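A short worksheet on the structure shown next.
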Amino acid sequence: MLKSNTTKKKVLKILLEREGDIVSGSELSSLLKVSRQTIWKAIESLREEGFYIESIPHQGYRLLNKSSADLSPTWIELSLDDISWGHPVLYWDSLDSTQEPAKSLARQGANEGIVILAGEQKAGRGRLGREWLSPEEGSISLSVISRPNIDPSFLQLLSLSTAIAAHDCLEELFNIDLELKWPNDILWKGAKICGILIEASSEPGKVHYAIIGIGLNANLNPKTLSAVNKPATSLKAILGRKVHRGEIVAALVRQLQKKINNLEKPEGITECIRKYSKLCSTLGMQVKIEQDNQVIKGIAEGISPLGNLIVRSEKGTLMSFSAADVTHLKATKP
Ligand code: BTN
């Protein structure tokens, strides 16, 4: 079983509680019942995560400016101490894609709720084999292992629930008005801020695992975003300031656990479709659907109980799509 470094977490907890005060190494060592050497190692490792911890000779350690560690896995785990997801949070400065270690751990039987987090991705990927830009400058890239007890026919609902979770988290933290584009894009005034990729392994009647990949443009600059073909934005561009990425990851994982666990109850599924339909800006739009070299135009009329998009084609036929690429053409209502 993958375990968190509990000493490091406990040291951080004490330093945060006594931020700005000097805490002696001997006090930490006797409180946590470990050697001074273990405390020193934990402090070094917290510094590597970005915390600014002063060593004051013959006196002890002092944490200054807790926000200096913007994407600390230990801080995120500590913030999630009251729930089961987020233990551990495994962090890499750089990865090709967070989906890969998550998948390989899931195949080896790793627990639900483990988070893989990267400072940057060299080969981040999106839906339909697209590239996902996640530079070190300020992206959030994470993959979470889930093992939902649902029938595989409901897997599409994981995308919708994750989109709702990200929406609720960002709205709660920043009070911004976001829309959901079916099936799993999160937009601000038509520009993409967050993308979701679900990769699952299942057999009839059982989902073995589903990797929930989330890419969020947190502190990306407009210049970087202009490299993306479609309109894109970031929290920094919207708010005009940098955001604390760890705080967002912790809030996101908390929302995710709630929303994904809810899908295991029939009323949770109904609630997911109801809420998604309310937030989904695709509904009521004239849309272009591209699927298997086919292009269909029509009006998006609803979300099916399995999370498919229901479209009335120009010929008047009702069609249901599960994995298509959708372009919003224009609104049918003012
Ligand atoms: C999309 O909009 O098409 C989905 C983008 C998903 C990106 C995330 S970032 C974390 C995880 N790792 C990846 O390589 N992709 C997902």
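The values are calculated or read from the model by the stated rules, or taken from the named source; none is laboratory data. All values derive from a computational prediction rather than experimental measurement. Note that each Cβ is placed from the backbone with ideal geometry, even for glycine, and that neighbours are counted across all protein chains shown. The accessibility values were calculated without ligands, DNA or RNA, using every heavy atom of the protein model including side chains. Shrake-Rupley method; radii C 1.70, N 1.55, O 1.52, S 1.80 Å.
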Quick one: would you say residue 260 is modelled with pLDDT of 95 or more, not in a loop (DSSP other than H, G, I, E, B) and not assigned by TED's automatic domain parsing to the domain that holds residue 135?
no
Among the residues in region 186-205, are any assigned to a loop (DSSP other than H, G, I, E, B), crowded, with 17+ Cβ neighbours inside 10 Å and in contact with an Asp or Glu (Cβ under 7 Å, 6 or more places away or on another chain)?
no
Does residue 265 satisfy the criteria of being at negative phi, away from the ligand (no atom under 15 Å from the Cβ), open to solvent by 20 Å² or more (accessible area, probe 1.4 Å) and without any contact (Cβ under 8 Å) to a residue 24 or more places away in the chain?
yes
So the strands (runs of 3 or more DSSP E) completely within region 70-150 holding 2 or more residues that are out of contact with any Ser or Thr (no Cβ under 9 Å at 6 or more places or on another chain) and away from the ligand (no atom under 11 Å from the Cβ) are 89-95, 139-146
Single residue of 242, 223 found to be open to solvent by 30 Å² or more (accessible area, probe 1.4 Å), part of a helix (DSSP H, G or I) and away from the ligand (no atom under 15 Å from the Cβ):
223
Restricting region 154-176 to residues that are more than 14 Å from residue 253 (Cβ to Cβ), of a type in the set (S, T, N, Q) and in contact (Cβ under 8 Å) with a residue 60 or more places away in the chain, which is surrounded by the most Cβ atoms within 10 Å (Cβ to Cβ)?
159
List, please: which pairs have Cβ atoms under 6 Å, are six or more places apart or on different chains, and start with a residue in region 103-130 that is in the same structural domain as residue 258 (by TED's automatic domain parsing) and end with one that is part of a helix (DSSP H, G or I) and surrounded by fewer than 21 Cβ atoms within 10 Å (Cβ to Cβ)?
116/101
